[in-house]
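Encoded as structure tokens, the structure appears first; notes follow it.
All of the numbers you see were taken from the coordinates with simple rules; none came from a lab. Quick caveat: nothing in here was measured; it's all calculated off a predicted structure. Cβ placement follows ideal geometry from the backbone for every residue including glycine, while neighbour counts extend to all protein chains displayed.
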Amino acid sequence: MIVEVSGPLHYAAIASMERRFAEVVPASAARVILDVTHAQEMRYAALQWLERLAAELHARDAELELAGVDARFAVLMARARSELSFTRFEPGPGRAVHRALHGEASRSPC
């Protein structure tokens, strides 16, 4: 399942994002690609939420991948030693999602 996130993804937006995610992602989803290409203001609170979300999905034998991670957030992920799977932002519609769908996600932002 692919879920597109757009708009700010900072501390104040996390609670509503959690609710929205729970509404649109069925419990039966085995793989969730979160397209953050159009997300803005991704900070540490977003990373914490994404780590929790990945753990929740893992507990039900599902996986989370991020698509369209910008360089700044990739650096934050590296500094936090995040093991989230992701593809980097690429200009052009759907390119990062396409790469995620074809198994080109990475765990090392560096």
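So, of the residues in region 23-58 that are surrounded by 15 or more Cβ atoms within 10 Å (Cβ to Cβ) and small (Gly, Ala, Ser), which turns out to be farthest from Ala74 (Cα to Cα)?
Taking the candidates together, the pick is Ala29.
What pairs come up if the first residue lies in region 13-26 and is under 13 Å from Ala46 (Cβ atoms), the second is part of a helix (DSSP H, G or I), and their beta carbons are under 6 Å apart, counting only those six or more places apart or on different chains?
Ile14/Ala45; Ile14/Trp49
Among the residues of region 31-81, how many are among the β-branched types (Val, Ile, Thr) and under 15 Å from Met17 (Cβ atoms)?
Going through region 31-81, the residues among the β-branched types (Val, Ile, Thr) turn out to be 32-33, 36-37, 69, 75.
Retained after the next criterion (residues that are under 15 Å from Met17 (Cβ atoms)): 32, 36.
Matching residues across region 31-81 total 2.
Suppose we keep only residues that are surrounded by fewer than 18 Cβ atoms within 10 Å (Cβ to Cβ) and among the acidic types (Asp, Glu) within region 59-77. Which one would you say is nearest to Glu90 (Cα to Cα)?
Asp70
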